[in-house]
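What follows is a set of notes on a single structure, which appears directly below.
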Amino acid sequence: MSMLTALAEAKMSIFTTFNLGNGRKISAKIVSQNNRTTGMIASVKTCWWIKINTKPFRRHMLDGAKFPHIIHFTYTVDGAAYQGSSCVDWQLRCPDKGERVTVFYDKNDPA
């Protein structure tokens, strides 16, 4: 994995976890267009660098710890294949590799 990819994934996970930037607004706009297709999860990575403690008192370091995940997926729009990635919030169930997911895309720019 290149250093630029690692930095991009760290930025994505931090911005999603702490609700920073305008990523939520852009996502809401794309979802509101209701253009969707089925995608396939290509890989799942756990963001070990962001630990969310869910218990006020812990017996050991990982007691109650939750972590967000970065997923990479592939999808097809009008016969053209695309790849994407997204951060899955620590509160949501992370899909497994090979699982099918719904992908929302911008009709003007499916990538």
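The values are calculated or read from the model by the stated rules, or taken from the named source; none is laboratory data. The model shown is predicted, which means the values in this text are computed figures rather than measured ones. Neighbour counts run over all protein chains shown; Cβ positions are idealised from the backbone, glycine included. Heavy atoms of the whole protein, side chains included, go into the accessibility calculation; ligands, DNA and RNA do not. Shrake-Rupley method; radii C 1.70, N 1.55, O 1.52, S 1.80 Å.
List every residue whose amide H lies under 5 Å from the amide H of Val77, counting only residues 5 or more places away in sequence or on a different chain, with H placed 1.01 Å from N in the peptide plane.
Tyr82
Counting Lys and Arg as +1 and Asp and Glu as -1, what is the net charge of the other residues whose Cβ lies under 15 Å from the Cβ of Ile41?
Combined, the nearby Lys, Arg, Asp and Glu give +2.
Applying 1/(1 + (r/R0)^6) with R0 = 25 Å to the Cβ-Cβ distance of Ser32 and Thr102, what FRET efficiency is obtained, to the nearest 0.05?
0.95
Mean separation of Cα pairs under 8 Å and 6+ residues apart, divided by the residue count of region 31-111: what relative contact order is that in percent?
So the answer I get is 41 percent.
Once amide H atoms are placed 1.01 Å from N in the peptide plane, what residues at a sequence separation of 5 or more from Gly64, or on another chain, have their amide H within under 5 Å of its amide H?
Here nothing satisfies the definition.
Between beta-carbons, use under 12 Å as the cut-off and find the net charge around Trp90, counting Lys and Arg +1, Asp and Glu -1.
Within the 12 Å Cβ shell, the charges total +2.
Asp109 to Thr5: extension gain in nm, 0.36 nm per residue of separation minus the Cα-Cα distance?
Computed gain between Asp109 and Thr5 is 35.3 nm.
In the full protein assembly as shown, how much of Lys51 is accessible to a 1.4 Å probe, in Å² to the nearest 10?
70
So for Met40, Met61, what's the accessible-area order with a 1.4 Å probe, most first?
Descending accessible area places them as Met61, Met40.
Taking all protein chains together and a probe of 1.4 Å, list Ser32, Ser85 from the most accessible to the least accessible.
Ranking Ser32, Ser85 by accessible area, largest first, yields Ser32, Ser85.
Sort Asp78, Asp96, Asp63 from largest to smallest accessible area, using a 1.4 Å probe on the heavy atoms of the protein chains.
Asp78, Asp96, Asp63
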